[in-house]
Amino acid sequence: MPQFTDLLFYALAGLTLLFGFLTVLNPLSRSPVTSAMFLVLTIISMAGLFVLLHAFFLAAVQVLVYAGAVMVVFLFVIMLLDLKEDERRHFNKVAVGLGGLSALAIAGSLVASVVKSVPVSATAGRMAEGDTKALGRLLFESHVLPFEILSVLLLVAMVGAILITKKDLR
Amino acid sequence: MTPGLHHYLIVSALLFSLGLLGVVARRNLFVIFMGLELMLNAANLALVAFSRYHNNLNGQVMVFFIITVAAAEVAVGLALLVALYRKRQTAHVEDLTSLKL
């Protein structure tokens, strides 16, 4: 009798892969807006996988930062630029064929190496709980320097984005 | 069958290849960018799975940093796309061949 969480894993993994595929090669629509909406769904089902891995804080961050902030910026820019002309173009058959081939090759080699090297008994032993308190302690005690550098990086990105999109650079 | 570490790693590997497919096969710069995001997310999934099954929270801290850096990357990347669109009125890689001999 399979447990409910096991079924949940298979459902969420399937949904993640399905939505991921519809993000990159949707047979019904070439519009980047559709791709962006499917990317949001991919990210949300991935947050479900994070919950199954007991990484509750990261699941929340994934939904808030990725599905919330990042994808809103994406949609905002796509709609700002009004890319009507792109939708009339068809997929490049050669590119899709060669891209599919290379993606299959990468997938095959990655899956083969995972199957070969990860012991099936890897479920044994104690497992880390994605305890938010422990994570915060780790973040603000042993990783405080990268954390502060990251805030500077965000500031640099913000200034850079404003500067790059300015109309006349001088 | 109870999902273990290798199940998560296989999902992550497949998601990574889907992102690669988007980067290689599509010609729209926005979709290429979304393919990059998919690849980053696949790496995140692998890190969280390793963190859980090796009982080490450092993996989750790394994912937290990756998400933040990805947000910064998206901001700058989209700014570049806006600047490009302003100059060339296109977001399609086949129209951007001025470096070609």
Problem set entry | Distance in nm between pseudo-label sites at A:Lys167 and A:Lys93 (7 Å out along the Cβ direction from Cα) | 4.6 nm
Seminar exercise, completed: With label points set 7 Å from each Cα along the Cα-to-Cβ direction at A:Asn26 and A:Ser142, the distance between them in nm comes to 4.3 nm
Exercise. If one computes the Cα centroid of the range B:13-50 and of the range A:140-159, what distance in Å separates the two points?
Worked result: 25 Å
For this session: Keeping all protein chains in position, work out how much accessible area B:Lys100 exposes to a 1.4 Å probe, and write it in Å² to the nearest 10.
Result: 150 Å²
Exercise. Using alpha carbons only, how many degrees (0 to 90, rounded to 10) separate the axis of helix B:5-25 from the longest principal axis of chain B?
Worked result: 10 degrees
For this session: Could you state how much accessible area is buried at the B-A interface, both sides summed, with a 1.4 Å probe, in Å² to the nearest 100?
Result: 7100 Å²
For this session: Using a 1.4 angstrom probe, figure out how much accessible area the range B:20-91 has per residue, in square angstrom, rounded to the nearest whole.
Result: 33 Å²
Exercise. Helix B:29-53 sits at what angle to the longest principal axis of chain B, using alpha carbons and giving 0 to 90 degrees rounded to 10?
Worked result: 10 degrees
Problem set entry | Residue mean of other protein chain beta carbons inside 10 Å, A:104-117 | 4
Problem set entry | Per-residue HN-Hα couplings for the range A:53-67 [Karplus 6.51, -1.76, 1.60; θ = phi - 60°; Hz; x = Gly/Pro] | 8, 6, 9, 5, 5, 5, 4, 5, 5, 4, 5, 5, 7, 6, 5
For this session: Send over the per residue convex hull volume for the protein assembly as shown, Cα only, as a whole number of Å³.
Result: 150 Å³
Exercise. Nearest 20 debye, what's the magnitude of the dipole of the range B:5-90 about its Cα centre given +1 on Lys and Arg Cβ and -1 on Asp and Glu Cβ?
Worked result: 380 debye
Exercise. Per residue of B:29-40, what is the mean number of Cβ atoms on other protein chains within 10 angstrom of that residue's Cβ?
Worked result: 6
Exercise. Using alpha carbons only, what's the Rg to Rh ratio of the range A:4-90 with Rh from Kirkwood?
Worked result: 1.06
Exercise. What ³J(HN,Hα) values, in whole Hz, does the Karplus curve 6.51 cos²θ - 1.76 cosθ + 1.60 give for the range B:83-99 when θ = phi - 60°, with x put for Gly and Pro?
Worked result: 5, 5, 5, 5, 7, 10, 6, 8, 10, 10, 5, 6, 8, 10, 10, 6, 7
Problem set entry | ³J(HN,Hα), Karplus 6.51/-1.76/1.60, whole Hz, each residue of the range A:23-28, x for Gly, Pro | 5, 8, 9, 7, x, 9
Exercise. When Cβ neighbours within 10 Å are restricted to other protein chains, what is their mean count per residue of peptide A:57-68?
Worked result: 3
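The values are calculated or read from the model by the stated rules, or taken from the named source; none is laboratory data. Nothing here was measured: the structure is a model prediction, and the numbers come from that model. Every residue, glycine among them, receives a Cβ derived from its backbone with ideal geometry; neighbour counts consider all protein chains shown. To get the accessible areas, we keep the full protein, side chains included, count just its heavy atoms, and leave off ligands, DNA and RNA. Shrake-Rupley method; radii C 1.70, N 1.55, O 1.52, S 1.80 Å.
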